[in-house]
Amino acid sequence: MSLDLKLKRADRIYRPGELVSGSVVVSSKGALSHTGITLVMEGSVQLQLSAKSVGLFEAFYNSIKPIQLLSYTVEIAKPGKLPDGTTELPFEIKLEPMQGQALYDTYHGVFVNIQYNLRVDMKRGVLAKDLQKTLEFIVEVPTSNRVSSPPPEKKPAGKDEKPVSQPGPVPFTITPESLENVKKTSRKHVPNFKLSGRLDTAVCNINDPISGTVTLESSDAVIKSIELQLVRVETCGCADGYAKEATEIQNIQISEGDVVRGMSIPIYMVFPRLFTCATVAARTFKIEFEINLVVMLEDGHLITENFPIRLVRS
């Protein structure tokens, strides 16, 4: 015997207000007795602290609980018997949040996870084993439809605060003088170089690639490669404090070897599904994204320029 869940949409992608429909499929050899079949739709945000933050926020660590976005239970079949062979039991549930909550994009991160699942349970007799099947489905929330909670409270902006991403091209020029995390005494050891270019926009539709160009105007040192790194910045917090962690999502090489000076190199990166989502600022968590342009010199030194970006969903 087997218990399965099938959705009508092959891609399993739904938006708020739509009907999540499909069928519960039960296969058995011979008649199958049961004491009820129920379907549960759940959506939640799971928060987790990194190991280095646990000691700083022990009270916060103990207060981290999943945020329930939606939870609905539907009775699929009353107690009884199912016939021999395969039986399909249809269902449909409207995708909408619980009162006082909002839906967010499905997102699989490191310290923040937003997941939506369907779970079907078949209860059986005392001597028989209950059957259960879980299926994840994908939720995409247009940015205009999202009701954002107030963002976590922050300290007054200082030198570490990133500027808010704005629509439009983002030109940049990178020289030894523009590097931020280099001590003045060490700056004289940095080889002379000049990089220029632009990102086409810092507010990106998540379904479109991020694009732009970069040009190595000059460099005294030999270039080994130029790479583009996509970074997630996840913030978890409550009244006791906030823990902010940046981790790499993906890294692509856009040039290899000592590139020709003055040649325009295209920047092009597709945002990976599930590992990115529309930028979120909720009451107890934030999900933000950044792009790092990394130039690796032949001697192993790295030159990095950071660009905060905002992802939206149309």
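Summed over the residues of the range 193-314 and divided among them, the accessible surface reaches 43 Å² per residue at a probe radius of 1.4 Å.
Considering only the Cα atoms of the chain, their convex hull presents on average a projected area of 21.4 nm².
Here the sum of -39500 (n - 2.57) over DSSP H runs of 4 or more residues, divided by the residues of the chain, equals -1000 deg cm²/dmol at 222 nm, to the nearest 500.
Under a 1.4 Å probe, what is the accessible area of the range 74-116 per residue, stated in Å²? If you can, show how the numbers build up before the last one.
Details: 2280 Å² over 43 residues.
So the range 74-116 comes to 53 Å² accessible per residue, rounded to a whole number.
Ignoring any ligand, DNA or RNA, what whole percent of the accessible area of the chain comes from carbon and sulfur when the probe is 1.4 angstrom? Carbon and sulfur: 51 percent of the exposed surface of the chain. Extension gain, residue 108 to residue 135: 0.36 nm times the residue separation minus the Cα-Cα distance gives 8.2 nm.
Among the listed pairs 65/94; 123/286; 6/123, those whose Cα-Cα separation exceeds 31 Å are 123/286.
Stretched out fully, how many nm does the piece from residue 314 to residue 218 gain, at 0.36 nm a residue minus the Cα gap? Could you put the intermediate results ahead of the total?
Numbers: separation 96, 0.36 × 96 = 34.56 nm, distance 3.95 nm.
Working it through step by step, the gained length comes to 30.6 nm.
Straight Cα distances below 19 angstrom link residue 129 to the aspartates and glutamates 4, 84, 121, with same-chain residues fewer than 8 positions distant left out.
The values are calculated or read from the model by the stated rules, or taken from the named source; none is laboratory data. Quick caveat, the model's predicted, so the values are computed rather than measured. To get the accessible areas, we keep the full protein, side chains included, count just its heavy atoms, and leave off ligands, DNA and RNA. Shrake-Rupley method; radii C 1.70, N 1.55, O 1.52, S 1.80 Å.
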